[in-house]
Amino acid sequence: MQIEKGIDKLVKTVRVMILDKPGFFGKVATAIGTAGGNIGDIKLVEYGLEYNTRDVTIFVDSDAQLQEVLEELGKVEGVIISDIIDPVLEMHRGGKISVKSRIAIDSISTIRKVYTPGVAKVCQLIQRKPELAYNYTVIPNTVAIVTNGTAILGLGDIGAVAGMPVMEGKAALFDALVGINGIPILIQSKDTEEIIRTVASIAPTFGAIKLEDIKAPECFEIEDRLGEMLDIPVMHDDQHGTAVVVLAALLNASKYVGMQVKNDTVGMVGLGAAGMGISKLLMAFGVRKMLGADINPGAQAIFGKEGGKPVTLPEVMASSDIVICTTGVQGLIKKEMIRKGQVILALSNPRPEILPEEAREAGASFAADGRGVNNALAFPGVFRGALNARARKINNRMKIAAAKVISSCASAGELVPSILDREMHAKVAEAVERAAFETGVARPRTEEIEET
């Protein structure tokens, strides 16, 4: 994730009535600081005859510290706490996305064109030439965001419905960053066959399928088989979106320390969805020596079949120039394991396998954690480019093209650019579209047909 204020803190908004006299808000600020809280936004809600009501956003480390802040505020004369608001819950209330008409429905004439009887003309055109759906429907700008909720963020198997806020967030990013309609699809099943059948059945609605937060190893089979069955892109973002951003980060990190990624020995610690996706893309990029460690023998076997060399964690740390960790195990990497000059990317969120500052103290030439590597840097532009090309799949050339652009858009001293850099997302889309045509997976444009 991108580094931002309060990333690991609890955020609460305290609504307080403050006596409208000089110095009283200063007492509020002092009370918050005394309890160890940090002040964020301050918003005036209402003027009163004697009291003004303000919303004060507070960053704290825990619920216990929040209680300390409230106790300190309660001691301040002329201050009344009227409400405690969770801004995260408020932002999610009612959901984060909606479906709206692009056309103003303001007359009967308009209704007759967008619905019956006028719509029949468009239906008949598509019936005669199905590819015209790319011209006259929302299909080519719509992506299914599919999950069964078995690997939600750092929360694990919490179920598809509990994962819906994450899917809504992905859809919101699609819309805001590249203008794609992302539609969450929740499948409350762990049956691989049922998931594949369901997605294949609904696929005609979409221009692409984005698989999200489905645990390994099931995610590998689901993606592979859907990719073979469908004539539209299918991409598991946990694998490939993450891999694109990791490659981009490594391209920049290597500049800072004078390394060449292709010639280095890369060690992968954790061979789940993200670890496998990263490993496969790095090998496709040209990394010749890829080591991998995982406590799951099945994961190591899959890694070996893909061309990596399964080893133990100590062997990874002893032999690798670059170490990438995606285990979810806080503190797994100890300072004494690190060799001088290594590049360490400990990507597990919210707590990495080793803190970057500890890795650097131990001799790493470069170190970063998961706050600097977010797949939201990649997936919007990758899908935008694939849709623009009307691609049949998203291949390694397209992903590598995306990684190179992301790397090039980072400012001096940055590992990767900001997620909110819309120009970067547009450049990624252009590069991905170009790579789709160069590799023969793009479709030619469909000519429009006039009614005869």
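Here are some notes:
- Ile324 under 16 Å from Val269 (Cβ atoms), surrounded by fewer than 24 Cβ atoms within 10 Å (Cβ to Cβ) and either at pLDDT below 95 or not basic (Lys, Arg) (or both): no
Residue-wise test of (1) of a type outside the set (Gly, Ala, Ser); (2) crowded, with 22+ Cβ neighbours inside 10 Å; (3) farther than 30 Å from Arg225 by Cα.
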site: Arg360; (1), (2), (3): yes, no, yes
site: Ala364; (1), (2), (3): no, yes, yes
site: Ala402; (1), (2), (3): no, yes, no
site: Ser408; (1), (2), (3): no, no, yes
site: Ser411; (1), (2), (3): no, no, yes
site: Ser418; (1), (2), (3): no, no, yes
site: Arg422; (1), (2), (3): yes, no, yes
site: Lys427; (1), (2), (3): yes, no, yes
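- Residue within region 168-189 that is among the hydrophobic types (A, V, I, L, M, F, W, C), in contact (Cβ under 8 Å) with a residue 60 or more places away in the chain and in a loop (DSSP other than H, G, I, E, B) present: yes
- Residue match in region 366-383 (condition: at pLDDT 95 or above, open to solvent by 20 Å² or more (accessible area, probe 1.4 Å) and among the charged types (D, E, K, R)): no
- Pairs where the first residue, in region 303-322, is without any contact (Cβ under 8 Å) to a residue 40 or more places away in the chain and part of a helix (DSSP H, G or I) and the second is surrounded by 15 or more Cβ atoms within 10 Å (Cβ to Cβ) and of a type in the set (S, T, N, Q), C-beta under 8 Å, 6+ apart: Phe303/Ser279
- If the condition is being out of contact with any Leu (no Cβ under 8 Å at 6 or more places or on another chain) and not small (Gly, Ala, Ser), then region 314-331 contributes Pro314, Met317, Asp321, Thr327, Val329, Gln330.
- Among the residues of region 355-409, the ones that are touching a Ser or Thr at 6+ places or on another chain (Cβ under 8 Å), within 21 Å of Ala253 (Cβ to Cβ) and in a helix (DSSP H, G or I) come to 2 in all.
- Any hit, region 1-11, residues being open to solvent by 50 Å² or more (accessible area, probe 1.4 Å) and in contact with a strand residue (DSSP E or B) (Cβ under 6 Å, 6 or more places away or on another chain): yes
- Looking across region 229-260, the residues that are in a helix (DSSP H, G or I), open to solvent by 10 Å² or more (accessible area, probe 1.4 Å) and in contact with a strand residue (DSSP E or B) (Cβ under 9 Å, 6 or more places away or on another chain) come down to Asp238, Ser254, Tyr256, Val257.
- Selection of first residues in region 73-100 that are more than 27 Å from Tyr51 (Cβ to Cβ) and of second residues that are open to solvent by 40 Å² or more (accessible area, probe 1.4 Å) and assigned to a helix (DSSP H, G or I), restricted to Cβ pairs under 7 Å at least 6 apart or on distinct chains, gives the following pairs, ordered by first then second residue: His92/Pro165.
For (1) surrounded by 14 or more Cβ atoms within 10 Å (Cβ to Cβ); (2) modelled with pLDDT of 95 or more, each residue gets a yes or a no:
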| residue | (1), (2) |
| --- | --- |
| Arg102 | no, no |
| Lys113 | yes, yes |
| Pro117 | no, yes |
| Ile126 | yes, yes |
| Pro140 | yes, yes |
| Val146 | yes, yes |
| Leu155 | no, no |
| Val161 | no, yes |
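- Checked against (1) polar (S, T, N, Q); (2) under 20 Å from Asn375 (Cβ atoms); (3) open to solvent by 20 Å² or more (accessible area, probe 1.4 Å), Thr312 passes all but a single condition, namely (2).
- Set Gln330, Gln342: member being modelled with pLDDT of 95 or more, of a type outside the set (Asp, Glu) and touching an Asp or Glu at 6+ places or on another chain (Cβ under 9 Å): Gln342
The values are calculated or read from the model by the stated rules, or taken from the named source; none is laboratory data. Source: prediction; values computed, not measured. Methodologically, a virtual Cβ is constructed for each residue, glycine included, from the backbone with ideal geometry; neighbour enumeration extends over all protein chains shown. We work out accessible area using only protein heavy atoms, side chains counted, and drop any ligands, DNA or RNA first. Shrake-Rupley method; radii C 1.70, N 1.55, O 1.52, S 1.80 Å.
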